[in-house]
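A short worksheet on the structure shown next.
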Amino acid sequence: MTKMVNCVVLGKEAEGLERSPYPGELGERILQNVSQEGWQKWMQHQTILINENQLALFKPEARKFLEEEMEKFFFKGGSQVPEGFVAPTK
């Protein structure tokens with residue numbers, strides 16, 4: 001049976017993640033409060049952050065930045081796209 005969660009991203013009940021997508025306490029909070037669709041929205045936002053800020057993920061400060069932005073995205077009112085970001089047109 002599919003696990004349902006009250007998704008903090010979508011603001012409604014939706015299909016939950018099967019396992020924690022991130023280690024530690026933050027990962028457990030995400031597992032309990034974020035849907036699969038909500039996680040995909042984060043992954044898209046994270047890609048923008050990585051590309052626009054030219055983050056090198058092997059650097060601890062880049063990983064720390066992304067973790068802080070993840071916390072904001074899910075639990076502190078949202079993470080902003082970098083200043084000057086323009087979404088590509090299809």
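The values are calculated or read from the model by the stated rules, or taken from the named source; none is laboratory data. Not measured: the values here are computed from a predicted model. Here the Cβ positions follow ideal geometry from the backbone for every residue, glycine too, while neighbour counts run over all protein chains shown.
Of the numbered criteria (1) modelled with pLDDT under 90; (2) at positive phi, the one SER79 fails is (2).
Contact map, the stretch 48-73: first residue in contact (Cβ under 8 Å) with a residue 12 or more places away in the chain, second residue surrounded by 14 or more Cβ atoms within 10 Å (Cβ to Cβ) and among the small types (Gly, Ala, Ser), Cβ cut-off under 9 Å, separation 6 or more or different chains; pairs are LEU49/SER79; ILE50/ALA62; ASN53/ALA62; GLU69/SER79; MET70/SER79; GLU71/SER79; PHE73/SER79.
For the stretch 1-14, which residues satisfy the criterion of being over 14 Å from MET70 (Cα atoms) and surrounded by 14 or more Cβ atoms within 10 Å (Cβ to Cβ)?
Filtering the stretch 1-14 down to residues over 14 Å from MET70 (Cα atoms) leaves 1-7, 10-14.
Within the stretch 1-14, VAL5, ASN6, CYS7, LEU10, ALA14 meet the criteria.
For the stretch 39-59, taking the residues that are surrounded by 13 or more Cβ atoms within 10 Å (Cβ to Cβ) and among the charged types (D, E, K, R), the one that is nearest to GLU18 (Cα to Cα) is identified as LYS41.
Would you confirm whether any residue within the stretch 17-30 is surrounded by 13 or more Cβ atoms within 10 Å (Cβ to Cβ), touching a strand residue (DSSP E or B) at 6+ places or on another chain (Cβ under 9 Å) and of a type in the set (Val, Ile, Thr)? Outline the logic, then answer.
Restricting attention to the stretch 17-30, the residues satisfying the condition of being surrounded by 13 or more Cβ atoms within 10 Å (Cβ to Cβ) are 17, 20-22, 26-27, 29-30.
Filter again for touching a strand residue (DSSP E or B) at 6+ places or on another chain (Cβ under 9 Å), leaving 17.
From what's left, of a type in the set (Val, Ile, Thr): none.
No, every residue in the stretch 17-30 fails to be surrounded by 13 or more Cβ atoms within 10 Å (Cβ to Cβ), touching a strand residue (DSSP E or B) at 6+ places or on another chain (Cβ under 9 Å) and of a type in the set (Val, Ile, Thr).
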